[in-house]
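Have a look at the structure below before the remarks.
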Amino acid sequence: MELEGLTSVYTNVVTKSSVLSGKDFDDFKSMHGNTKAALDYYVSIHSDAYVATYFGNMDKMVAAMRAYKGLYKTLFLNRKAFADFTSQGLKGIELREALSKAHKDDFVMGRGSALPDCFCDFKL
């Protein structure tokens, strides 16, 4: 449900399972954890945009490297707001507007990060 809600707002989301198919994806799933982490890191720092869904060590490193390289389209998703809105059944425009307000409110309260252009307003 969460991925469906995310893709209803951000229509150009690419996941490993959407890039790899069949045997390639099965081979990928059996890779050693460090190999998968290295691939995730490489793709994350070279993507046009990045959504940090869990702000753990990998997200912190990716965000730092993206900032260092001047790639500012990095969003630290308000997971609580996203979960609340998707569980309420919000999708599409309603979800986009609710997330946009939540992220703006977070930034005003000093809890979020500002973006040059909000992902909620950005058209791919």
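Note down all Cβ pairs under 9 Å where the first residue falls in the stretch 43-57 and is without any contact (Cβ under 8 Å) to a residue 40 or more places away in the chain and surrounded by 17 or more Cβ atoms within 10 Å (Cβ to Cβ), the second is in a loop (DSSP other than H, G, I, E, B) and among the basic types (Lys, Arg), and they're at least six residues apart or on different chains.
ILE45/LYS69; TYR50/LYS73
Restricting attention to the stretch 61-72, report how many residues are modelled with pLDDT of 75 or more, over 17 Å from LEU39 (Cβ atoms) and surrounded by 12 or more Cβ atoms within 10 Å (Cβ to Cβ). Show your work before the answer.
Just the residues of the stretch 61-72 that are modelled with pLDDT of 75 or more, to begin with: 61-71.
Now drop any that are not over 17 Å from LEU39 (Cβ atoms), which leaves 63-64, 67-71.
Now narrow it down to the ones that are surrounded by 12 or more Cβ atoms within 10 Å (Cβ to Cβ): 63-64, 67, 71.
Counting residues in the stretch 61-72 that are modelled with pLDDT of 75 or more, over 17 Å from LEU39 (Cβ atoms) and surrounded by 12 or more Cβ atoms within 10 Å (Cβ to Cβ) gives 4.
Only residues that are basic (Lys, Arg), outside any helix (DSSP H, G or I) and more than 12 Å from the chain's Cα centre (by Cα): list them for the stretch 55-79, please.
The one that is basic (Lys, Arg), outside any helix (DSSP H, G or I) and more than 12 Å from the chain's Cα centre (by Cα): LYS69.
The values are calculated or read from the model by the stated rules, or taken from the named source; none is laboratory data. Model, not experiment: these values are computed from the prediction. Ideal geometry is used to build each Cβ from the backbone, glycine not excepted, and the neighbour counts take in all protein chains shown.
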